[in-house]
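Working notes for the structure below.
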Amino acid sequence: MSGNFLKDVESMYDTAAENLGLPEGLAEKIKVCNATYVTRFGVRLRGRMFTFRGWRATHSTSEGPAKGGIRYASNVNQEEVEALAALMTYKCALLNLPFGGSKGALEIDPAEWEPHELEKITRRFAQELMRHGFLASATNVPAPDMGTNQQTMMWIADEYRRYKPEDINGMGCVTGKPVAGGGIEGRTEATGRGVQYAIQAFFRSEKDRHSAGLESDSLDGMRVVVQGLGNVGYHAAKFLADEDNCKVITVIERDGVIRNANGIDVDALHAHIAEHKTILGFEGGRFEADGATALTDECDILVPAALESVIHEGNASHINARLIVEAANGPITHDADQILNARGIVVIPDLFANAGGVVVSYFEWVKNLSHIPFGLMERRSDERDHRNLARSMEKMTGKTFPSEEQTAFLNVRQEIDLVRSGLEDMIVQAFAEISQKVNAKEQDVRLTYREAAYQLAIGRIASAYTAMNL
C-alpha cells in the first residue's frame with residue numbers, strides 16, 4: 001500500500017489547503033519535495049561485494065534544518081520516503097519547531113545482518129549522506145525510525161565526527177542517540193508519551209470529547225486496541241494502562257492478535273515478544289492468527305501504531321471505535337479518512353498525535369548545540385526556593401509539610417522531568433490551537449482535526465515563505 005501513501009498525504013494536504021486562499025503557486029511549492037537523493041553503494045561483506053540502495057528526501061528547509069528519521073526496511077521505496085518527509089514538515093510546523101521535513105531509508109532487512117555488518121553498512125550510508133550534504137547539525141538531522149535505533153544513530157554520529165572533527169556541534173548531526181553518547185533522557189519513550197499527552201488533552205476538553213461521544217474527562221476504564229507493539233505502541237499502551245488506568249483489551253502484531261477483555265499486561269506481553277520474537281504462546285490473553293480483523297474490535301480508543309495504510313477503504317466502514325489516535329505515520333488512507341469522517345468517528349491525526357519523537361529530538365539537538373545539560377544553571381536554585389517555600393508554609397500554618405508530598409515537591413528536577421514537562425507543554429499548546437480551529441463558531445462546516453492541524457501547519461509554512469518573499 002506504500003505506493004499510494006504519497007498520494008494519500010498529498011490528497012489530505014489538498015483538502016486542507018483548498019480554502020486557505022494562498023497566493024497562486026504557493027500551495028504547490030509547499031506540497032512538493034524539494035530534493036531526493038538516491039544512493040547505491042557497495043560494502044564488502046562475507047567475502048563478496050553487496051550493493052545497497054538508500055534515499056534521503058528533503059521536503060522543506062523553510063523553517064530551518066531538515067529533520068526526520070531513517071528507516072531500514074526491505075519494502076521501502078522513494079514515494080514512501082517523500083511522503084514521510086512531507087509529513088515531517090507539517091508536523092514540525094504544527095508544533096512550532098525550527099525544522100523542515102526530511103526522511104531517509106535504506107532498502108535492507110536488518111534481521112538478515114549481524115550487528116558488526118550493520119555497523120559497516122550504516123557507516124557507508126552515513127559517508128554517502130555527508131558527501132552530498134544530507135547530514136549535518138545545521139542542514140539535515142536524522143533520527144531513529146523503523147528498523148533503526150540508538151545504536152544506529154551512534155554509528156552515524158561517530159562517522160560524522162571522524163569525517164568532520166572540526167565541527168564542534170557534530171554530535172547534533174543526529175538525534176535519538178544513547179544518553180551516554182550525547183542523547184537525552186526520555187527520547188526512547190517520547191513518541192508513545194506524546195500519544196498519551198495528546199489523548200489526555202483531548203479528554204480534558206469537554207467539546208472535543210463530546211464530539212466522539214465520550215462523556216467523562218477520565219480515561220479510567222477506557223477500552224484500548226493497539227495495533228503494533230513496537231517502541232511507539234508499547235510505550236503508548238504502557239502509559240495509558242499504568243498511569244491512566246485504561247484497559248488495553250487487544251494488541252495486534254504481525255503474527256496475530258492477543259485479546260483479553262479484562263486488560264492485557266502490556267509489560268508481560270512486551271517481554272514475551274522480546275524473548276520469543278512472537279506473541280504466540282503468551283498466556284495473558286486469547287490468541288488468534290488473523291490480526292488484521294481485530295482492527296474492527298469494539299473499543300473506545302483505537303491506536304494504530306505500526307505501518308501506514310492499515311485502515312483503508314476495505315475496512316473503514318467496519319471500524320468500531322469512538323476515537324482513533326494515529327500513533328503511526330499515515331495509518332489511515334485518504335479514502336478511509338473520508339469514510340470515518342462520514343461515520344462520525346473522530347481521528348486525532350498523525351502530524352499531531354505522534355509528534356512527541358521530534359519534539360524531544362529538538363530538545364536533544366538544542367542540548368548538543370548548547371553544550372550544557374538541561375537544568376544545570378537553575379536546578380539547585382529551584383531546590384532552595386522549594387525548601388524555603390516549604391519552611392515558610394510550615395511556619396505560617398504551624399503544621400509539618402505532608403511527608404507524601406515532600407518527594408515530588410522538594411526533590412531536584414532531573415532531565416527526564418524537564419523533558420516530559422516540555423513535551424507535555426508543547427502537545428497541550430498544539431492541541432489547544434487545533435481545538436480552537438475545529439470548534440470555531442464562524443465556520444459553516446466543522447473542520448476535522450486533521451484539516452485543522454494541516455491548515456495550521458500550512459499557514460505557518462506559507463507565512464515563512466511570504467516573509468522571505470519567495
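FYI, it's all coordinate maths here, none of it is from the lab. Source: prediction; values computed, not measured. FYI the Cβ positions are ideal-geometry reconstructions off the backbone, even for glycines, and counts take in every protein chain you see.
Points to keep in mind about this one:
- Computed [θ] at 222 nm, helices only, for the chain once each DSSP H run of length n ≥ 4 contributes -39500 (n - 2.57): -14000 deg cm²/dmol
- Of the complete DSSP H runs in the chain, those spanning 30 angstrom or more by Cα along the long axis with a mean Kyte-Doolittle score not below 0.0 are 415-438.
- The magnitude of the dipole of region 1-134, with charges of +1 and -1 set on the Cβ of Lys/Arg and Asp/Glu and taken from the Cα centre, is near 740 debye.
- Loop-located GluC sites (Glu not before Pro) across region 1-85 with a Cβ neighbour count of 11 or fewer within 10 Å are Glu24, with loop assigned by DSSP.
- 24 Å Cα-Cα threshold exceeded, pairs from Lys67/Lys437; Lys91/Lys277; Lys29/Lys103; Lys247/Lys441; Lys91/Lys367; Lys164/Lys367: Lys67/Lys437; Lys91/Lys277; Lys247/Lys441
- Label assignment, semi-axes √(5λ) of the Cα gyration tensor in Å derived from the structure, set [x] 42, 32, 23; [y] 32, 29, 26; [z] 36, 29, 18: [y]
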